[in-house]
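The values are calculated or read from the model by the stated rules, or taken from the named source; none is laboratory data. Quick caveat: nothing in here was measured; it's all calculated off a predicted structure. All Cβ positions, even for glycine, are placed from backbone atoms using ideal geometry, and neighbour counts span all protein chains on display.
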Amino acid sequence: MKKIIIYALTISIGLFVSAKYSEWPVNLWCIGLFLFLYYRAERKERIEMLTVLAFATPMELFFSEIWLIYEYQRDLMPLYVPVGHWFLFDSGRILSQKLSQKLSLPILIPFIPMVCYGLFTGGDTSGIFLLILVLGFTKYGPQPSLYATMAWAALAMELLGTYLGNWTWSSEVPWTGLTAWNPPLLVGAFYCLGDVLVNLSVERFENKHRSGVAV
């Protein structure tokens with residue numbers, strides 16, 4: 001749980017400093033912390049860390065610079081964002097270990113009435129699709145408790161980030177004709193997708209390594 005505290009303080013204080021003052025101290029701290037953790041990590045965890053960066057960086061750039069579903073406070077993606085994905089991923093993984101697999105789907109139930117409300121009022125018509133994705137990942141993905149945990153952890157972080165003004169989600173989702181809250185209630189769907197890609201990629205890499213296939 002010591003890691004959880006470090007991650008929570010890094011995310012919360014970092015978002016505040018970045019929003020109110022400058023992102024550069026946050027960039028330096030987050031990248032430094034990531035490198036420190038990478039140096040102390042075992043081989044598999046290092047692969048996971050690099051895989052998170054490999055997926056998070058282009059996904060963030062695509063969502064913010066091409067799809068334009070959200071915009072950062074100072075336009076370009078801050079450098080702390082990709083490594084921040086690792087902090088959130090690792091936090092979710094640690095917390096999910098304390099969650100029974102049987103509770104993975106039940107803890108998502110509170111999202112359902114809010115998604116219905118957003119759909120009924122028209123304020124967040126994209127929520128129903130994101131809910132289906134999260135439920136699908138949790139029901140059929142390789143780590144159900146992780147995806148359920150990430151749905152709540154991602155929402156908490158997004159609420160803080162949007163409240164402070166670090167980024168703003170578009171009320172209309174480009175290319176789709178759908179609407180979204182700021183942040184979308186089921187924003188965790190994007191994080192779940194990233195987690196699935198990381199899990200599958202690391203597993204594939206590990207299988208090849210054990211079989212002696214060069215990668």
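Residues checked against (1) modelled with pLDDT of 95 or more; (2) not aromatic (Phe, Trp, Tyr):
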site: 30; (1), (2): yes, yes
site: 62; (1), (2): yes, no
site: 75; (1), (2): no, yes
site: 93; (1), (2): no, yes
site: 107; (1), (2): yes, yes
site: 119; (1), (2): yes, yes
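Residues that are over 18 Å from the mean Cα position of the chain (by Cα) and hydrophobic (A, V, I, L, M, F, W, C) within the stretch 165-204 comprise 173, 175, 178, listed in sequence order. What's the total number of residues in the stretch 1-33 that are β-branched (Val, Ile, Thr), surrounded by fewer than 17 Cβ atoms within 10 Å (Cβ to Cβ) and in contact with a Leu (Cβ under 8 Å, 6 or more places away or on another chain)? Matching residues across the stretch 1-33 total 3. Using the structure shown, decide if residue 185 is farther than 20 Å from residue 55 by Cα, in contact with an Asp or Glu (Cβ under 8 Å, 6 or more places away or on another chain), surrounded by 16 or more Cβ atoms within 10 Å (Cβ to Cβ) and in contact (Cβ under 8 Å) with a residue 24 or more places away in the chain. Judged against the criteria, residue 185 is a match.
Every condition in (1) assigned to a helix (DSSP H, G or I); (2) touching a residue at least 60 places away in the same chain (Cβ under 8 Å); (3) not polar (S, T, N, Q) is met by residue 46 except one, and the failing one is (2).
Which residues, counting only those in the stretch 188-211, are under 21 Å from residue 147 (Cβ atoms) and either of a type in the set (A, V, I, L, M, F, W, C) or free of Cβ contacts under 8 Å to residues at least 12 places away in the same chain (or both)?
In the first step, residues of the stretch 188-211 are kept if they are under 21 Å from residue 147 (Cβ atoms); the result is 188-206.
Once the filter is applied, which keeps residues that are under 21 Å from residue 147 (Cβ atoms) and either of a type in the set (A, V, I, L, M, F, W, C) or free of Cβ contacts under 8 Å to residues at least 12 places away in the same chain (or both), the stretch 188-211 yields 189, 190, 192, 193, 196, 197, 198, 200, 202, 204, 205.
When the stretch 95-105 is limited to residues that are assigned to a helix (DSSP H, G or I) and touching a helix residue (DSSP H, G or I) at 6+ places or on another chain (Cβ under 7 Å), the one that is modelled with the lowest pLDDT turns out to be 101. Consider residue 65 carefully, then state whether it is closer than 22 Å to residue 179 by Cα and touching a residue at least 40 places away in the same chain (Cβ under 8 Å). Spelling it out, it is not the case that residue 65 is closer than 22 Å to residue 179 by Cα and touching a residue at least 40 places away in the same chain (Cβ under 8 Å).
When we screen 63, 120, 36, 55 for residues that are in contact with a Phe, Trp or Tyr (Cβ under 7 Å, 6 or more places away or on another chain) and either surrounded by fewer than 20 Cβ atoms within 10 Å (Cβ to Cβ) or in a helix (DSSP H, G or I) (or both), the only hit is 63.
In the condition set (1) under 16 Å from residue 147 (Cα atoms); (2) over 14 Å from the mean Cα position of the chain (by Cα), residue 89 is compliant with all but (2).
Starting from residues that are among the small types (Gly, Ala, Ser) and surrounded by 23 or more Cβ atoms within 10 Å (Cβ to Cβ), keep the ones in the stretch 123-144 and report whichever is nearest to residue 103 (Cα to Cα). So, considering only residues that are among the small types (Gly, Ala, Ser) and surrounded by 23 or more Cβ atoms within 10 Å (Cβ to Cβ), the one nearest to residue 103 (Cα to Cα) is 127.
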